[in-house]
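Take a look at the structure below.
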Amino acid sequence: MARGEAKSNGEGNGAATEHLLALRGFSKSFGPVRALHEVDFEVDAGEIVALVGDNGAGKSTLIKAIDGVQPPDSGQAYFDGKRVRISTPQAAESLGIATVFQDLALCDNLDVVANLFLGKEVVDGVPVHVLDEVDMEQRSNQLLSDLSVTTLGSVRTEVGSLSGGQRQSVAIARTLIGEPKVVLFDEPTAALGVAQTAQVLALVKRLKDEGLGIVMISHNLEDVFQVADRIIVLRLGERVATFDREKVSPETVVAAITGADTAEMRRLEEQDQKGEEKTDD
Amino acid sequence: MEGGVAGQLRALGKDAQSGFLGRILRGDVGFIQVFIALAVIWTIFQLANDRFLTAVNLTNLMLQVTAIGIISIGVVLVLLLGEIDLSIGAVSGLCAGIMAVLTVQHGWSPELAILVGLLAGSAIGLINGFFNTFFGIPSFVVTLAGLIAWQGALLLVLGDTGTINLPPSLITDLTSTFYGAGVGWTLAVLVTAGTLGVGLLGRRRRQKANLEPPPLAGIVFRTVLVGAAMFIGVGILLSDRGVPLAVIILLGLTGLFAFITERTRFGRHIYAVGGNAEAARRAGIRVTRVRVTVFVIGSTMAAAGGIMAASRLIAVNQSSGSGDVLLNAIAGPVIAGTSLFGGRGTVWSALLGALVIGSISNGINLLGLESSVRFMITGGVLLAAVTLDAITRRRRSQISVT
């Protein structure tokens with residue numbers, strides 16, 4: 001059973017509590033435009049969920065609803081089994097939901113340490129908040145070596161002089177300073193070269209191994225098939241399919257994205273199942 | 001190991017990065033260019049007139065740069081945000097005018113009059129910050145309006161008399177108090193020991209934390225440089241009238257704001273907003289609050305500079321804060337390396353820039369040349385400094401690509 005709607009309907013609201021983060025019936029309209037319609041969504045700890053779909057399918061709207069930038073019109077959110085309201089980015093952050101933005105929100109004029117701790121600086125002294133540079137530098141080194149980011153050289157390098165992949169690594173590492181449980185990636189490999197893409201995807205996998213729940217928007221199915229555990233397809237604001245990455249072919253996912261007719265979908269899925277059985281033997 | 005042209009290029013780049021020449025080209029050695037420029041200017045004027053490097057003239061020079069230097073401190077903070085404040089000259093005049101009217105015509109105590117003058121500056125900064133952040137009007141326009149309006153306000157405050165002379169009081173003492181050998185040498189020893197102590201303490205902390213410690217030679221070099229400047233400077237000042245209170249105020253304020261910008265969370269947030277305001281906002285920094293606070297500091301420092309200028313002139317008149325005050329206060333930090341585009345620069349550039357501009361102005365007056373020459377030379381130095389800066393920036397980005 002790979003069809004998403006049937007699966008999620010079967011689970012119902014009661015089962016929402018089993019997931020790290022679960023959304024039920026999220027809808028969002030911009031005037032007459034229906035950007036999201038009754039979308040269910042869930043991600044578990046230690047899982048990478050890829051969110052795919054054509055332009056205007058509602059991926060970014062869904063991400064913005066999750067990280068509190070643009071709350072939905074209706075729908076319920078559950079975090080760690082508890083009903084929560086994510087109405088602001090601050091609320092998302094305090095729950096443990098962090099976002100790595102597509103356009104790399106880094107300050108080029110500051111060094112790696114300053115960027116990692118931006119807005120979360122370690123200070124001592126109560127009336128005057130004096131920066132504790134030694135502590136921040138130590139923790140930066142620790143964090144980057146935990147993530148096996150070794151290409152940076154010195155953490156005192158200005159971020160403006162780093163390559164695209166290095167900058168993305170810093171942007172990803174930065175979200176971990178707040179010790180999040182769910183990390184959202186908006187096109188993490190857009191505009192990166194081959195080697196840098198591999199570097200960033202390895203980093204995403206490492207976060208999964210740490211037990212974080214990962215949600216990744218991507219246009220690049222090659223990337224998706226490299227790292228994702230589940231693939232959720234949005235089309236015209238609705239969740240139209242959910243696939244187990246190991247049991248699906250890229251052709252089927254493309255068909256779901258573009259909205260091929262039901263007969264064609266069924267044929268492709270059956271083909272995938274057969275392929276699966278063959279490899280099982 | 002890498003071989004080939006690429007490897008060689010990389011090695012070359014590394015060479016340029018570690019070598020002294022490379023560091024100069026990348027602008028890493030900080031103020032060395034400004035020191036060189038200052039040395040050249042002083043040498044030329046000394047050759048042209050041997051009274052330039054006398055104790056009397058150097059003391060005068062220091063007194064001349066205090067007002068502009070203090071205004072420039074505020075300018076640096078505003079420039080770090082990537083904003084500009086064109087009203088600083090008018091604000092310095094207006095706040096000095098308010099202070100003068102309160103103490104001379106209304107009989108207020110000088111302390112209270114100074115305080116109200118400074119608060120008037122803060123209030124103006126609040127207005128600038130409010131229009132800039134709340135209505136999103138570019139600071140250039142807000143403060144251009146301020147430049148015109150506050151000049152008018154100064155005329156209003158001064159009333160029919162036009163000029164208010166300041167009787168001897170705390171206000172005039174600000175620039176006419178000189179300290180003797182005791183205070184002077186103590187200051188030199190404290191600053192030198194402080195530089196060494198901070199350097200060594202920081203090094204020890206990093207060693208304890210297993211971080212790469214800064215080279216000892218660098219700390220010694222900095223201490224020797226600061227120590228030499230302090231002891232020679234104090235020696236020269238003492239051989240004339242003594243160490244001026246005004247200079248101590250200027251150095252104290254520079255040190256205070258250098259500490260705030262480089263070592264505190266608020267300072268880090270200023271650089272972040274100037275570097276990428278959207279990134280700062282997403283990181284949870286309250287950008288509006290940072291902006292408004294910086295505009296308040298900028299205008300308050302302008303008021304402080306205006307009060308120092310009034311103290312030195314012993315009067316406030318209709319032209320207080322007009323003329324080249326605004327341009328010099330902005331040109332100084334830019335000459336000494338603070339970027340007009342935000343996020344790059346230090347508070348020390350206020351002091352050094354004021355010294356460069358003050359030296360040119362002082363030297364030309366000493367030679368008896370016209371103001372026309374002074375303006376043209378100052379403009380030329382500004383253009384040369386910014387060009388040099390652009391070249392070093394380009395070098396830096398080229399090297400970092402390898």
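The values are calculated or read from the model by the stated rules, or taken from the named source; none is laboratory data. Nothing here was measured: the structure is a model prediction, and the numbers come from that model. Methodologically, a virtual Cβ is constructed for each residue, glycine included, from the backbone with ideal geometry; neighbour enumeration extends over all protein chains shown.
Some points to look at:
- Counting the residues of the range A:23-63 that are part of a strand (DSSP E or B) and over 21 Å from A:Asp223 (Cβ atoms) gives 17.
- Note on the range B:267-289: residues that are more than 7 Å from every other protein chain (Cβ to nearest Cβ), farther than 13 Å from B:Leu81 by Cβ and in a helix (DSSP H, G or I) amount to 1.
- Failed item, numbered, when A:Thr157 is tested on (1) without any contact (Cβ under 8 Å) to a residue 12 or more places away in the chain; (2) within 13 Å of chain B (Cβ to nearest Cβ); (3) of a type outside the set (Asp, Glu): (1)
- Sole exception among (1) exposed (fewer than 15 other Cβ atoms within 10 Å of the Cβ); (2) out of contact with any strand residue (DSSP E or B) (no Cβ under 9 Å at 6 or more places or on another chain); (3) farther than 26 Å from A:Gly68 by Cβ; (4) of a type in the set (Val, Ile, Thr) for A:Thr88, by number: (3)
- Condition check for B:Val325: touching a strand residue (DSSP E or B) at 6+ places or on another chain (Cβ under 8 Å) and either among the acidic types (Asp, Glu) or surrounded by 21 or more Cβ atoms within 10 Å (Cβ to Cβ) (or both): no
- Residue list for the range B:87-109, restricted to those being in contact (Cβ under 8 Å) with a residue 40 or more places away in the chain and surrounded by fewer than 21 Cβ atoms within 10 Å (Cβ to Cβ): B:Val101, B:Val104, B:Gln105
- A:Phe79 among the aromatic types (Phe, Trp, Tyr) and surrounded by 23 or more Cβ atoms within 10 Å (Cβ to Cβ): no
- Among residues of the range B:365-389 that are among the charged types (D, E, K, R), those with a Cβ under 6 angstrom from a residue that is assigned to a helix (DSSP H, G or I), sequence gap 6+ or separate chain, pair up as B:Arg374/B:Ser361; B:Arg374/B:Ile364.
- Tabulated pairs, the range A:18-37, first basic (Lys, Arg) and at pLDDT below 90, second assigned to a strand (DSSP E or B) and surrounded by fewer than 19 Cβ atoms within 10 Å (Cβ to Cβ), C-beta under 8 angstrom, 6+ apart or interchain: A:Arg34/A:Ser27
- B:Gly218 being loosely packed, with under 14 Cβ neighbours inside 10 Å and either in contact with a helix residue (DSSP H, G or I) (Cβ under 9 Å, 6 or more places away or on another chain) or of a type in the set (Lys, Arg) (or both): yes
- Qualifying residue in the range B:251-264 (condition: surrounded by 15 or more Cβ atoms within 10 Å (Cβ to Cβ), facing another protein chain (nearest Cβ under 9 Å) and touching a helix residue (DSSP H, G or I) at 6+ places or on another chain (Cβ under 8 Å)): yes
- Pairs where the first residue, in the range A:190-208, is in the same structural domain as A:Leu221 (by TED's automatic domain parsing) and more than 16 Å from A:Ala173 (Cα to Cα) and the second is small (Gly, Ala, Ser) and surrounded by fewer than 18 Cβ atoms within 10 Å (Cβ to Cβ), C-beta under 8 Å, 6+ apart: A:Ala191/A:Gly164; A:Leu192/A:Gly164; A:Gly193/A:Gly164
- Screening A:Ala228 on (1) buried (at least 22 other Cβ atoms within 10 Å of the Cβ); (2) in contact (Cβ under 8 Å) with a residue 60 or more places away in the chain; (3) within 14 Å of chain B (Cβ to nearest Cβ) shows it passes everything except condition (3).
- Filter pass, A:Ile232 being out of contact with any Ser or Thr (no Cβ under 9 Å at 6 or more places or on another chain), part of a strand (DSSP E or B) and assigned by TED's automatic domain parsing to the domain that holds A:Gly96: no
- The range A:95-110, residues that are within 11 Å of chain B (Cβ to nearest Cβ), closer than 23 Å to A:Met216 by Cβ and not aliphatic (A, V, I, L, M): A:Thr99, A:Phe101, A:Asp103
- Verdict on A:Ser145 being without any contact (Cβ under 8 Å) to a residue 24 or more places away in the chain, hydroxyl-bearing (Ser, Thr, Tyr) and outside any strand (DSSP E or B): yes
- Residue satisfying condition, being surrounded by fewer than 19 Cβ atoms within 10 Å (Cβ to Cβ), closer than 25 Å to B:Arg312 by Cα and either β-branched (Val, Ile, Thr) or modelled with pLDDT of 95 or more (or both), within set B:Thr133, B:Thr163: B:Thr163
- Looking only at residues in the range B:192-206 that are within 14 Å of chain A (Cβ to nearest Cβ) and loosely packed, with under 13 Cβ neighbours inside 10 Å, the one that is nearest to A:Ser140 (Cα to Cα) is B:Arg204.
- Candidates A:Val69, A:Val149, A:Val123, A:Val49, filtered to the one that is under 24 Å from B:Arg203 (Cα atoms) and either among the β-branched types (Val, Ile, Thr) or modelled with pLDDT of 90 or more (or both): A:Val123
- Lone qualifier among A:Val134, A:Val170, A:Val113, A:Val204 - being more than 12 Å from chain B (Cβ to nearest Cβ) and either under 25 Å from A:Glu47 (Cα atoms) or not in a loop (DSSP other than H, G, I, E, B) (or both): A:Val204
- Residue-level check: of (1) within 11 Å of another protein chain (Cβ to nearest Cβ); (2) in a helix (DSSP H, G or I); (3) farther than 20 Å from A:Gly160 by Cα; (4) among the small types (Gly, Ala, Ser), B:Ala246 misses just (1).
- Failed item in (1) among the hydrophobic types (A, V, I, L, M, F, W, C); (2) under 22 Å from B:Ile114 (Cβ atoms); (3) in a helix (DSSP H, G or I), with B:Ala228 passing the rest: (2)
- Counting only residues that are buried (at least 18 other Cβ atoms within 10 Å of the Cβ) and either closer than 21 Å to B:Leu351 by Cβ or of a type in the set (Lys, Arg) (or both), the range B:267-281 holds 5 of them.
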